[in-house]
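These notes concern the structure reproduced below.
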Amino acid sequence: MKGVIFRCLEELVIETKGMDLWEQLLEQHCPTDRVYISAQSYPDEELVALATSVSKALNLNMPETLKAFGTYLFSFLAKKHTSIVKEFHSFEQLILSIDKVIHSEVQKLYDEPNLPMIDATVVDSETIKLIYNSPRQLCFCAEGLIYGCAQHFNESVDIQQTTCSHHGDSMCTFIIKHG
Amino acid sequence: MQNYYKAYMREKQARDELEELLEEKTSKLYALNVELEKKIELLERQQVAVVQSEKMATLGTLSAGVAHEINNPLAYLTCNIDTLAVYSKDINEFLSLTSNYIDEKVSRDEFFERFHKLQQATDIAELIEDLSDISEDCKEGCDRISLIVKNLLDFAKPKADSSIEFEASEIITHATQLLENKLKLLQLDIDCEKNLLLKGSKPNLTQVLINTLVNAAQSCAEARNADSSFRGHIQISAFKSDKMVVIKIKDNGTGLEEADANRVFDPFYTTKPLGEGTGMGLAVVYGIISNHLGTVSISNNPDSGVTLSLELPLAF
């Protein structure tokens, strides 16, 4: 997993629970003197261990934690890459461009980013069907990112997950009602 | 604690700024890389165009010889067709007389009388034998023309799927067939091992041999111009060496000046008089061989002439 994701988690934990907790988490789950750098890759297990401990500290279950993290991650990334986000004028336009525009921009910046496969299609003017497929199975985080995106565009969304890889489906499907 | 937090925030700010700088540089590098890839693609396209135009130039060089090669069978084809036209008149007369006799339009006596007259004018046994010879000759002439045209087309027309496996002997045969007219005054010896598999563009590697053989033939022609008793000799040998196929083309022509030996693979460098040769022959050879991950070298022989050595990876 790319360091930018760890950096976002670091910022979220320090902002909400303080530096002490972050230091404890680093000591508990990471090699000594670990410093995260956005462009660098780090083991996925490290993120899972950190997120698990964060969910305990926040008294949330893992899906809720990942959802909250995804929401925060969107604003974190939007703040870092304002020029990319500025290209989009609506929630729908951005969601439909994840695979073709956003992921291609990520590929320009990071070496081997191992991006998930995202396929978003318009069902009707208020509904988008989004398919998420990744061996990392971070669909809850993806859901959080969608919430974060809706917040960014001041839209209210209702997300129903109709299939999920955690329940034996081959991929995760989200039906997003927005407006 | 407050101070530690401030220190952390400053360090974080530094990380953010450095990362922003890194991303900016990475983006620029990416854009430059895309630009570079486009230029490489353009260069590759131009390389293909140079090879193709060199092929056309070679075709120009070959045209007189090829025309002569086509003209020979064409001459006896024309002659045979003229003979067939005469025979066709004779056969028509025999057939028409026989048909009239079968239809009882002529009597038996009249039929035999006219048949004997025709027989006196035309020897049937000779006609039958001649017809068979003529048809064989025509077939052979058409086959020769068809082979020349096929060789020309194989050489000149770029194929879509140009990377194939083939034996080294195939391109040697192909090149020497196309140059048959240019090489006929020379002694040509070919010694090619069997099962020397190459992988790549067959027309382009044929082009390599044609360019090399044209140079060798011209070098021998120059030597003959200087000494009428000179007998030109070209030896082509192909053999396996480790995991490479080595093809050597050795001639006993005029050889190279030391200064030219270092420059013969330079584009537009020619030792031929102004207006003769494109100066791209060996540059194209170098380009094609490099594209096939091979090497090419040229050196003067101890006695006379040069040896051009090609080394190409053996296909497994």
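Here are the numbers for the structure shown:
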{"item": "Every pair of residues 6+ apart whose Cβ atoms lie under 8 Å, when the first sits in segment B:76-88 and is among the acidic types (D, E) while the second is at pLDDT below 90", "result": "none"}
{"item": "Number of positions in segment A:65-97 that are among the hydrophobic types (A, V, I, L, M, F, W, C), surrounded by fewer than 21 Cβ atoms within 10 Å (Cβ to Cβ) and away from chain B (no Cβ under 14 Å)", "result": "4"}
{"item": "Looking only at segment A:105-163, and only at residues there that are among the polar types (S, T, N, Q) and part of a helix (DSSP H, G or I), the one that is modelled with the lowest pLDDT", "result": "A:Q107"}
{"item": "All positions within segment B:165-181 that are part of a helix (DSSP H, G or I) and touching a residue at least 24 places away in the same chain (Cβ under 8 Å)", "result": "B:A168, B:S169, B:E170, B:I171, B:I172, B:H174, B:A175, B:T176, B:Q177, B:L178, B:E180, B:N181"}
{"item": "Neighbours by Cβ (under 9 Å, 6+ apart or cross-chain): first from segment B:187-210, in a helix (DSSP H, G or I); second of a type in the set (K, R) and surrounded by fewer than 17 Cβ atoms within 10 Å (Cβ to Cβ)", "result": "B:K202/B:K159; B:P203/B:K157; B:P203/B:K159"}
{"item": "Sole residue being surrounded by 11 or more Cβ atoms within 10 Å (Cβ to Cβ), within 14 Å of chain A (Cβ to nearest Cβ) and under 49 Å from the mean Cα position of the chain (by Cα), chosen from B:L84, B:L59, B:L29, B:L22", "result": "B:L29"}
{"item": "Subset of segment A:104-126 (residues that are surrounded by fewer than 16 Cβ atoms within 10 Å (Cβ to Cβ) and closer than 21 Å to A:F153 by Cα)", "result": "A:D119, A:T121, A:V122, A:V123, A:D124, A:S125, A:E126"}
{"item": "Members of segment A:98-140 that are more than 14 Å from chain B (Cβ to nearest Cβ), farther than 28 Å from A:H167 by Cβ and not charged (D, E, K, R)", "result": "A:V101, A:S125"}
{"item": "Pairs, first under 15 Å from B:K184 (Cα atoms) in segment B:225-236, second part of a loop (DSSP other than H, G, I, E, B), C-beta under 6 Å, six or more apart", "result": "B:G232/B:L186; B:H233/B:N252; B:I234/B:L186"}
{"item": "Filter result for B:K105 (over 28 Å from B:P313 (Cβ atoms), of a type outside the set (V, I, T), not assigned by TED's automatic domain parsing to the domain that holds B:I234 and not in a helix (DSSP H, G or I))", "result": "yes"}
{"item": "Which listed residue is in the same structural domain as B:L197 (by TED's automatic domain parsing) and in a helix (DSSP H, G or I), from B:D260, B:D266, B:D303", "result": "B:D260"}
{"item": "Test for A:A49: is it among the hydrophobic types (A, V, I, L, M, F, W, C) and outside any helix (DSSP H, G or I)", "result": "no"}
{"item": "In segment B:10-19, the residues that are of a type in the set (A, V, I, L, M, F, W, C) and at the interface with chain A (Cβ under 9 Å from one of its Cβ atoms)", "result": "B:L18"}
{"item": "Test result for B:V66, within 11 Å of chain A (Cβ to nearest Cβ) and either under 23 Å from B:A217 (Cα atoms) or assigned to a helix (DSSP H, G or I) (or both)", "result": "no"}
{"item": "Check on B:F239, closer than 23 Å to B:T176 by Cβ, in a strand (DSSP E or B) and of a type in the set (A, V, I, L, M, F, W, C)", "result": "yes"}
{"item": "Selection within segment B:117-127 - exposed (fewer than 11 other Cβ atoms within 10 Å of the Cβ) and among the aliphatic types (A, V, I, L, M)", "result": "B:A121, B:A125"}
{"item": "Residue match in segment B:37-56 (condition: within 14 Å of another protein chain (Cβ to nearest Cβ) and either within 30 Å of B:K150 (Cα to Cα) or loosely packed, with under 11 Cβ neighbours inside 10 Å (or both))", "result": "yes"}
{"item": "Subset tally (residues that are under 16 Å from the mean Cα position of the chain (by Cα), outside any helix (DSSP H, G or I) and within 11 Å of chain B (Cβ to nearest Cβ)) for segment A:1-38", "result": "1"}
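The values are calculated or read from the model by the stated rules, or taken from the named source; none is laboratory data. Note that this is a predicted model, so its numbers are computed, not measured. Counting neighbours? That spans all protein chains shown, and the Cβs are built from the backbone with ideal geometry, glycine included.
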